[in-house]
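One structure is given here, and the rest of the page talks about it.
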Amino acid sequence: MDILLSISLFLLAVTLFGAVKLGLVNNHTLQILANIAAIIAAVTSPIVSLWPNSVEQADPYEKNTPINRLSLQITLPKKAASVSEFVTVEGYTPYRDLYHYIAVRSQTEPVLVKAGPLRINEIGRWREQVQLGNKKIGENERYYIYVIAANSLLEIDNSAENLVSHPDSKVATVFVTRH
């Protein structure tokens with residue numbers, strides 16, 4: 001049990017004990033305290049799971065980056081980073097039941113699927129290396145890197161323009177500059 005949840009429930013138990021000692025306990029009071037306990041459990045459990053060192057220490061992709069467990073994320077590279085031709089892209093997904101792909105858009109090309117379906121580990125982390133341009137093309141150019149959670153299989157080097165622009169799509173993006 002998480003420590004914050006344990007402390008909160010302990011304080012609730014102390015309050016209940018005090019209410020019993022003062023003779024303030026009836027069915028209505030017990031129902032209120034039970035509701036408070038449920039609210040404490042519901043509120044503290046998600047907060048504790050967002051702490052960077054709570055559950056994920058055994059994860060090989062751990063970077064001590066706080067994770068919002070409710071959204072698809074790219075955790076590496078960081079926004080506006082300067083990267084090489086080959087870049088490792090890492091992130092987190094709460095949508096483990098969907099297919100995940102990395103797509104890339106440059107200043108001169110449309111959004112193209114570059115990798116996937118990604119292998120998602122047991123806690124929703126993923127990692128993949130993609131190429132931005134090639135040795136002769138793409139230096140000093142800005143790239144947008146997308147991770148897309150899709151319901152169906154996609155083909156590598158096909159356009160993903162409709163997926164990244166669709167309002168119902170599950171997409172995260174970061175821009176980088178290739179040096």
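The values are calculated or read from the model by the stated rules, or taken from the named source; none is laboratory data. As the structure is a prediction and not an experimental result, all values here were calculated from the model. No Cβ is skipped: glycine too gets one built from the backbone with ideal geometry, and neighbour counts run over all protein chains shown. The area values use the complete protein model at the heavy-atom level, side chains included, leaving out ligands, DNA and RNA. Shrake-Rupley method; radii C 1.70, N 1.55, O 1.52, S 1.80 Å.
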> Which residue, of N53, N35, is surrounded by fewer than 11 Cβ atoms within 10 Å (Cβ to Cβ), more than 20 Å from V147 (Cβ to Cβ) and modelled with pLDDT of 65 or more?
Replying inline: N35
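In contact (Cβ under 8 Å) with a residue 24 or more places away in the chain, open to solvent by less than 20 Å² (accessible area, probe 1.4 Å) and over 17 Å from P77 (Cβ atoms), is that true of A160?
Values: in contact (Cβ under 8 Å) with a residue 24 or more places away in the chain: yes; open to solvent by less than 20 Å² (accessible area, probe 1.4 Å): yes; over 17 Å from P77 (Cβ atoms): yes.
Yes; evaluated as a whole, the condition is true for this residue.
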>> Return the pair list, or none, for Cβ contacts closer than 6 Å from residues in the stretch 108-130 that are open to solvent by 40 Å² or more (accessible area, probe 1.4 Å) to residues that are assigned to a loop (DSSP other than H, G, I, E, B) and among the aromatic types (F, W, Y), at least 6 apart or on different chains.
In response: R127/Y61
> Filtering the stretch 64-77 down to residues that are at pLDDT below 60 and out of contact with any strand residue (DSSP E or B) (no Cβ under 6 Å at 6 or more places or on another chain), which residue is least open to solvent (accessible area, probe 1.4 Å)?
Replying inline: P66
>> Condition first: not in a strand (DSSP E or B) and not small (G, A, S). Now tell me which residues in the stretch 103-117 satisfy that.
In response: Q107, T108, E109, P110, V111, P117
>> Checking T173 against (1) farther than 23 Å from L70 by Cβ; (2) among the β-branched types (V, I, T); (3) open to solvent by 60 Å² or more (accessible area, probe 1.4 Å), only one condition comes out false. Which one?
In response: (1)
> Applying the selection to the stretch 78-94, what residues are open to solvent by 30 Å² or more (accessible area, probe 1.4 Å) and assigned to a strand (DSSP E or B)?
Replying inline: S82, F86, T88
> Restricting attention to the stretch 132-157, which residues are more than 11 Å from V113 (Cα to Cα), not in a loop (DSSP other than H, G, I, E, B) and not aromatic (F, W, Y)?
Replying inline: R142, A149, A150
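Can you pull out the residues in the stretch 17-32 that are outside any helix (DSSP H, G or I) and either on the phi < 0 side of the Ramachandran plot or open to solvent by 80 Å² or more (accessible area, probe 1.4 Å) (or both)?
First, pick out the residues of the stretch 17-32 that are outside any helix (DSSP H, G or I): 22-26.
Scanning the stretch 17-32 gives L22, L24, V25, N26.
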